[in-house]
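> I'd like to ask some things about the structure below.
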Amino acid sequence: MTTLADTELAPLLPALIRLRHDLHAHPELGFAEHRTAAVVAAELRTLGLEVHEGIGQTGVVGVLRKGRGSANVGLRADMDALPMDECSGVAHASTHAGAHHGCGHDGHTSMLLGAARVLAGRDFDGTVNFIFQPAEEGLGGARAMVEDGLFERFPCDAVYALHNWPALPLGTAQTRPGPIMAAADRFDIVIRGRGGHAAQPHTTPDAILAAGHLVSQLHAIVSRRIDPVESAVLSITRIEGGHTHNVLPAEVKLTGTVRSFDPASQDIIEAALRQVAEGVALASGTTIAIDYLRYYPATINHAAEAHVALEAAAASGLQAETAPAPAFTSEDFAFMLQARPGAYLWLGQGRGGDDRPLHHPAYDFNDDALAHGVRWLVTVAEQQLRRR
């Protein structure tokens, strides 16, 4: 394996930065990444790769084969933007109202295209599948690709992905065997009374009072139902009800999320949430309906592949560290790791000072991280192929 030198990578960076800025200026939401997918496909074809489009709706896979080896590896980047307005003030800011690359997927896509450029000009023995995934932001694009036959059509002995991480300094990388990102559940609760005059609360079940009791009791579930050695979070994120000062509303809506790493904890929390709601409904005279969705499983790294990811980080010049703990944010790469061995890496991009966090309206990917990401992707692919 030949280390990717600055002299080899430097000539590619200006074009990658221009590409990243173009993608940032033209963000597209999940399963609507038509322009982005077309840009990706065109770039892969220019490199001479075999290109497959429309996988999992708007996903793209580029296949690069070299030599006669049967080993294969998958490298994945996500392409979608967030449904939010941008207020970064950068010259390449979003030109689409209500869409913003506030999570850096424009950077991930650009890094993977950069890795394809490098690997297309290198000699190795095996196959690299470049997986450009749609709809990571809550819509399960990874699951859509897997269900569309991703790994049957494009076999991967292992699959790898990275995510930029503003909380880590530029030039560092972290991952860990086992859990790296949390499972994500969503619940929507509707509390119904009959509605009535605020001056006559005795005439109607009070949905707002019931909501107050429910919020208080739900926030006690993790501390009183989950083993303290386990980690979980339950948060109420929205309360909606009422229109004026002198009317008790007939309906109050609550929305929230649960994050956890252990399926048993998921089961306990969901069951407890339903039990608590039943008790509040009985005590308040209201009716309570619950819609509970487990939309992303926990992202669980395989031990051997996590080791490969850290080895590749060190070999590519990064300060490679074992992550001290998983994050409570979620990632639908989890579906790919349920189907194939692999690992997920956090790539530092912090500049120091006022780094905007992911999903912030003024966030912008740090272009200085592009070279680090390309190096890691190239190195992990070559290390994986060498090991097989």
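The values are calculated or read from the model by the stated rules, or taken from the named source; none is laboratory data. Note that the coordinates shown come from a computational prediction; the quantities given were computed from them, not determined experimentally. Backbone-built Cβ (ideal geometry, glycine too); neighbour counts: all protein chains shown. Accessible surface is based on the protein model in full, side chains and every heavy atom, while ligands, DNA and RNA are left aside. Shrake-Rupley method; radii C 1.70, N 1.55, O 1.52, S 1.80 Å.
> If you average over every viewing direction, what projected area does the convex hull of the Cα atoms of the chain give, in nm²?
Across all orientations, the chain yields a mean hull projection of 20.6 nm².
> Carbon-plus-sulfur fraction of the accessible area of the stretch 230-290, 1.4 Å probe, in percent?
Result for the stretch 230-290: 53 percent of the exposed heavy-atom area is carbon or sulfur.
> OK, next. Do the sum for the chain: with -39,500 (n - 2.57) for every DSSP H run of n ≥ 4, divided by all residues, what is the mean residue ellipticity at 222 nm, to the nearest 500 deg cm²/dmol?
-10500 deg cm²/dmol
> In addition: Which of the listed residues, S88, N72, G54, is farthest toward the dipole's positive end in the stretch 36-96, when Lys, Arg count +1 and Asp, Glu count -1 at the beta-carbon?
Comparing the listed Cα positions along the dipole, N72 ranks first.
> Same structure again: So which DSSP H runs in the chain come out at 27 Å plus along the axis (Cα) with average Kyte-Doolittle of at least -1.0?
Correct list, ordered by number: 263-284.
> Then there's this: Compute the separation of the alpha-carbon centres of the stretch 1-58 and the stretch 356-388 and state it in Å as a whole number.
13 Å
> For the chain, set up a Gaussian network in which alpha carbons nearer than 10 Å are linked by springs, and say which option among C87, C156, C103 fluctuates the most.
Residue with maximal mean-square fluctuation among C87, C156, C103: C87.
> Over the chain, with a Gaussian network built from C-alpha contacts below 10 Å, which listed residue (N301, N246, N164) shows the highest mean-square fluctuation?
Answer for the Gaussian network model of the chain: N246.
> Then there is this: Amide H of G59: which non-local residues (sequence gap of 5 or more, or other chain) have their own amide H closer than 5 Å, using H built in the peptide plane?
Amide H neighbours of G59, under 5 Å, 5+ apart: G54.
> Which residue fluctuates most in the GNM of the chain (Cα springs below 10 Å): A184, A211, A77?
A211
> Express the relative contact order of the stretch 25-106 as a whole percentage, based on alpha carbon pairs under 8 Å and six or more residues apart in sequence.
It comes to 34 percent, rounded to a whole number.
> For the stretch 40-140, count all C-alpha to C-alpha pairs, find those more than 20 Å apart, and express that count as a whole percent of the total.
Here the tail beyond 20 Å accounts for 44 percent of pairs.
> Residue by residue, what Karplus-based ³J(HN,Hα) values in Hz, rounded to whole numbers, does the stretch 126-134 have, using 6.51, -1.76 and 1.60 with θ = phi - 60° and x for Gly and Pro?
x, 10, 10, 9, 8, 9, 9, 9, x
> With both bridge residues required to lie in the chain, what share of the DSSP beta bridges run antiparallel, to the nearest 5%?
65 percent
> Moving on to the next point. Over the chain, what is the relative contact order in whole percent, taking alpha-carbon pairs under 8 Å and six or more residues apart?
25 percent
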